[in-house]
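K.L.:
Have a look at the structure that comes next, please.
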Amino acid sequence: MLVLAAGASLVFGNDHRHILNIIACIILLLAAIFVKALFNKLKINKLVLLTAAAVLIFITTGSVSFALILLFYGILVKFIIKNPTVEVSAAGISIIKLFNAPVHQWNEFNNVILKDNLLTVDFKNNKLLQLEIDETNGEINETAFNNFCNGHLKTSA
């Protein structure tokens with residue numbers, strides 16, 4: 001989205017402000033390149049970055065509609081695209097995505113490991129899933145979790 005915003009600032013930018021359009025384009029392209037670093041290391045909120053991009057688009061193009069479309073699309077994507085949620089139980093592992101939540105039995109896995117807040121799920125069909133654990137709901141005891149998973153993997157083999 002930031003790359004599209006950068007392109008819009010150049011293509012639809014005000015003809016009297018070429019330098020401002022180029023500067024806004026460079027800022028938006030750099031933000032697009034370093035977006036993960038902005039979110040993870042600098043802890044910048046996605047909505048703040050999106051609002052800043054919308055303001056830059058409005059300044060360079062003078063179009064409220066471009067800015068509103070960018071904001072609307074960004075907010076829509078935020079609500080639609082969610083990280084998968086994993087629920088581990090004695091019955092198996094359920095991976096909850098946007099539209100489906102299949103429950104995988106323990107006999108479908110080679111290994112399940114939690115190490116340094118990274119959950120690695122190794123399926124027998126050579127599929128590998130790695131997810132970062134969100135500890136906002138509480139800390140997970142890695143040893144107890146890994147022992148629980150290993151016990152169920154051994155009994156299902």
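The values are calculated or read from the model by the stated rules, or taken from the named source; none is laboratory data. The model shown is predicted, which means the values in this text are computed figures rather than measured ones. Cβ: placed from backbone, ideal geometry, glycine included. Neighbour counts: every protein chain shown. Ligands, DNA and RNA are excluded from the accessible area calculation, which covers all protein heavy atoms including side chains. Shrake-Rupley method; radii C 1.70, N 1.55, O 1.52, S 1.80 Å.
K.L.:
Within the range 74-82, is there a residue that is within 30 Å of N125 (Cα to Cα), outside any helix (DSSP H, G or I) and within 26 Å of the chain's Cα centre (by Cα)? Quick ask: steps written out before the conclusion?
P.N.:
Narrowing the range 74-82 to residues within 30 Å of N125 (Cα to Cα): 80-82.
Of the ones still in play, those that are also outside any helix (DSSP H, G or I) are 81-82.
The next check asks that each one be within 26 Å of the chain's Cα centre (by Cα); those that pass are 81-82.
Checked the range 74-82: at least one residue is within 30 Å of N125 (Cα to Cα), outside any helix (DSSP H, G or I) and within 26 Å of the chain's Cα centre (by Cα).
K.L.:
Could I ask something else about it? Would you please list the contacts, defined by Cβ atoms under 8 Å and residues six or more apart or on different chains, that run from a residue in the range 47-59 that is among the β-branched types (V, I, T) to a residue that is open to solvent by less than 40 Å² (accessible area, probe 1.4 Å) and part of a helix (DSSP H, G or I)?
P.N.:
Matching pairs, first to second residue: V55/A67; I57/A5; I57/A8; I57/S9; I57/A24; I57/A67; I57/L70; I59/A24.
K.L.:
Can you tell me which condition T60 does not meet? The list is (1) open to solvent by less than 30 Å² (accessible area, probe 1.4 Å); (2) out of contact with any Lys or Arg (no Cβ under 9 Å at 6 or more places or on another chain), and all the others hold.
P.N.:
Checking T60 against (1) open to solvent by less than 30 Å² (accessible area, probe 1.4 Å); (2) out of contact with any Lys or Arg (no Cβ under 9 Å at 6 or more places or on another chain), the one that fails is (2).
K.L.:
Hey, does the range 72-84 have a residue that's loosely packed, with under 12 Cβ neighbours inside 10 Å, at pLDDT below 80, touching an Asp or Glu at 6+ places or on another chain (Cβ under 9 Å) and of a type outside the set (A, V, I, L, M, F, W, C)?
P.N.:
Yes - at least one qualifying residue is present in the range 72-84.
K.L.:
Here's something else I'd like to know. Could you check A67 against (1) within 28 Å of H18 (Cα to Cα); (2) open to solvent by less than 80 Å² (accessible area, probe 1.4 Å); (3) modelled with pLDDT of 90 or more and say which number it fails?
P.N.:
Evaluating A67 over (1) within 28 Å of H18 (Cα to Cα); (2) open to solvent by less than 80 Å² (accessible area, probe 1.4 Å); (3) modelled with pLDDT of 90 or more leaves (3) as the failure.
K.L.:
Tally the residues that are among the charged types (D, E, K, R), touching a Phe, Trp or Tyr at 6+ places or on another chain (Cβ under 9 Å) and within 18 Å of T85 (Cα to Cα), restricting the search to the range 107-123.
P.N.:
Step one: filter the range 107-123 for residues among the charged types (D, E, K, R), giving 108, 115-116, 122.
Add one more test, that the residue is touching a Phe, Trp or Tyr at 6+ places or on another chain (Cβ under 9 Å), and what stays is 108, 122.
Checking the rest, the ones that are also within 18 Å of T85 (Cα to Cα) come to 122.
So the count comes out to 1.
K.L.:
Of everything in the range 111-136, what is among the acidic types (D, E), farther than 14 Å from N146 by Cα and not in a loop (DSSP other than H, G, I, E, B)? Give them in sequence order. Write out each step before concluding.
P.N.:
To start, the set of residues in the range 111-136 that are among the acidic types (D, E) comprises 116, 122, 132, 134-135.
Retained after the next criterion (residues that are farther than 14 Å from N146 by Cα): 132, 134-135.
Listed by number, the residues that qualify are E132, E135.
K.L.:
Give T136, T143 a once-over and let me know the one that is open to solvent by 70 Å² or more (accessible area, probe 1.4 Å), at pLDDT below 90 and among the hydroxyl-bearing types (S, T, Y).
P.N.:
T136
K.L.:
Within the range 91-110, count every residue that is open to solvent by 70 Å² or more (accessible area, probe 1.4 Å) and part of a loop (DSSP other than H, G, I, E, B).
P.N.:
Selection size over the range 91-110: 5.
K.L.:
Turning to a different aspect of this structure: Among (1) loosely packed, with under 15 Cβ neighbours inside 10 Å; (2) closer than 23 Å to I80 by Cα; (3) not hydroxyl-bearing (S, T, Y), which single condition is L131 missing?
P.N.:
Looking at each condition in turn, L131 falls short on (1).
K.L.:
Across the range 116-126, what is the total count of residues that are exposed (fewer than 10 other Cβ atoms within 10 Å of the Cβ) and within 21 Å of H104 (Cα to Cα)?
P.N.:
2
K.L.:
Given I19, I26, which one is in a helix (DSSP H, G or I), touching a helix residue (DSSP H, G or I) at 6+ places or on another chain (Cβ under 9 Å), among the aliphatic types (A, V, I, L, M) and surrounded by fewer than 15 Cβ atoms within 10 Å (Cβ to Cβ)?
P.N.:
Every option except I26 fails the conditions.
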